[in-house]
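The values are calculated or read from the model by the stated rules, or taken from the named source; none is laboratory data. Not measured: the values here are computed from a predicted model. Cβ atoms come from the backbone with ideal geometry, glycine included; neighbour counts cover every protein chain shown. With ligands, DNA and RNA removed, areas are computed over all heavy atoms of the protein, side chains included. Shrake-Rupley method; radii C 1.70, N 1.55, O 1.52, S 1.80 Å.
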Amino acid sequence: MADRWLFYAFYAMIVGLPVTLYVRWLRRREQSLRRATEQGAVFSETLTGQRPQIDVSNCIGCQGCTSVCPEGQVLGMVGGKAAVIRPWKCIGHHLCVDACPVGAITLLRAMPGSSAKLPYLTAEYETSVPGLFIAGELGGLALIRNAVQQGRECVDLIAARLAASPSPPDGGDDQTYDLLIVGAGPAGVSAALRATEKHLRYLLVEREDVGGTIAKYPRQKLVMTTPITFPLYPTEKRRQLSKENLIAFFLQVAQRDDCLVRTNETVTHIQKSGSSPFEVMTVNGTYKARAVILAMGRAGTPNKLGVKGEDLPKVMYRLIEADHYVNRRILVVGGGDSAVEAAMGLALQAGNDVTISYRRAEFGRIKERNAVRLESLGRSGKLRIMLNSVVEEITPATVILRVGEQRLELPNDYVWVFAGGQAPDEFLKKIGIHYGPRDLTMEAVQEAAAMVDA
């Protein structure tokens, strides 16, 4: 009899243990989704109405979609089905859609311009000012591939409209361009090449150098992870492109005889009256154009910390050459990819003592590859990570941090601040562009919470 009970107990253990472990795993996954949803409310400012949508009735649970996303756990498995766990990290790679063998994933993009934090746009990227378009990150979608596509699509629509009404509007003359493009980044260069392909008379104006925001990235920063196609050029099939690769291509485009580019020329105002052409005013003069594409970036003037000592010469807001700084005591402030990449680059230089300070409890917005490297450098002691910390004061020889209730004074030679930039909202409003009516970021988070509760 005792042997029989021992047999039953052993059999129950053999069967019950895997079941118990599986149930616990499912519960952890559910809790992970809830935590991610709550975190979404914190980081929702990075979400702009773009995220994957999964048809769970078709999902076969193959996990292919969860393994291909380079941004890290945008998708995860919950109850044997794929689920959107970190929607705010989605920047539109589209790899999950391509990886799904049954077509159960759709990449949703809310109608451009619906977000109250972004300019109002139609589905064709036209603003509230007819004939004035926005392409690239200024419209709210990250990823170079998105910018290239939008620049091309804007020009296609403009060319079609011009073909339908070839006569110039009142006030048009030989000095009126078909199109004026503001910004020589990915969207602007793509638009310029498409305009060349469509035989439009256009001008590309850039306030700094060709490359736009990309030109300010640190040396050898990886900027592309998927193939990309610019108009008039074959598809670039390399899976990884550095900042230098892309800038070299942009310079090649700028040197074309059929590409009219003017650099170091800032646009100060744009106005339009009735059916007359746009008047685009720059520091060098005024141009007339029948259509305008704004392909500017969102990060304009760097945000500052507003602390004593921030005006010292040792405080900087951009890092290009990390290897120019060795044997230095450095503080990097910020929680985005720019801050993390700068801190890691500086930490790998000889003799540097580098600390990264972030006001939140975790780096919830960075790319997965950066998160992995950051954790490794932190464990090895090459980089000091101070979360839940804020800068209180900067002195010529030190920096003072508040970490919880503790006040720390660290010896310091340089401070880099990566606190984002001031988007050109005032400029856009001044030229008549309206903003969207709804806060899509919170809608998306609430939608995810409702799905969990259901």
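Segment Glu321..Arg369, full-extension length gain: 15.2 nm, with 0.36 nm per residue of separation and the alpha-carbon distance subtracted. How would the range 175-313 be classified by its alpha-carbon gyration tensor: rounded, prolate or oblate, with rounded meaning a/c under 1.5 and the a/b versus b/c comparison settling the rest? Oblate, since a/c reaches 1.5 and b/c is not below a/b. Applying 1/(1 + (r/R0)^6) with r as the Cβ-Cβ distance of Gln349 and Ser165 and R0 = 56 angstrom yields a FRET efficiency of 0.45. Each of Tyr233 and Ser273 was given a label point 7 Å from its Cα along the Cα-to-Cβ line. The distance between the two points is 4.1 nm. Quick one: if the Förster radius is 25 Å, what FRET efficiency do Gln240 and Ser380 give, using the C-beta to C-beta distance and rounding to 0.05? E between Gln240 and Ser380, to the nearest 0.05, is 0.55. Check the straight Cα-Cα distances from Lys304 and name the lysines below 26 Å, setting aside those fewer than 8 residues away within the same chain. In chain and number order, the partners are Lys89, Lys117, Lys216, Lys221, Lys243, Lys314, Lys367, Lys429, Lys430. Under the combined filter of DSSP loop state and at most 10 neighbouring Cβ atoms within 10 Å, the range 344-422 retains these GluC sites (Glu not before Pro): Glu405. Remark: the range 406-421, residue by residue, has Karplus-estimated 3J(HN,Hα) of 9, 10, 10, 10, 10, x, 8, 10, 9, 10, 10, 10, 10, 10, x, x Hz, where x stands for each Gly or Pro and the curve is 6.51 cos²θ - 1.76 cosθ + 1.60 at θ = phi - 60°.
For the range 290-440, the share of accessible area belonging to carbon and sulfur comes to 48 percent (1.4 Å probe, ligands and nucleic acids excluded). Anisotropy class assigned to the range 297-421 is rounded, per the alpha carbon gyration tensor with a/c under the 1.5 cut-off. Near the amide H of Lys308, within less than 5 Å, lie the amide hydrogens of Ile394, all on another chain or at least 5 residues away, with H placed in the peptide plane. Extending 7 Å from the Cα toward the beta-carbon at both Glu362 and Asn303 defines two label points whose distance is 2.1 nm. Amide H to amide H distances under 5 Å link Val78 with Ala83, where only residues 5 or more positions off or on other chains count and H is placed in the peptide plane. Shape class of the range 299-364 from the alpha-carbon gyration tensor: oblate, with a/c at 1.5 or above and b/c at least as large as a/b.
Between Arg262 and Leu410, the contour length at 0.36 nm per residue exceeds the Cα-Cα span by 48.7 nm. Near the amide H of Val332, within less than 5 Å, lie the amide hydrogens of Thr355, Ile356, Ser357, Trp416, all on another chain or at least 5 residues away, with H placed in the peptide plane.
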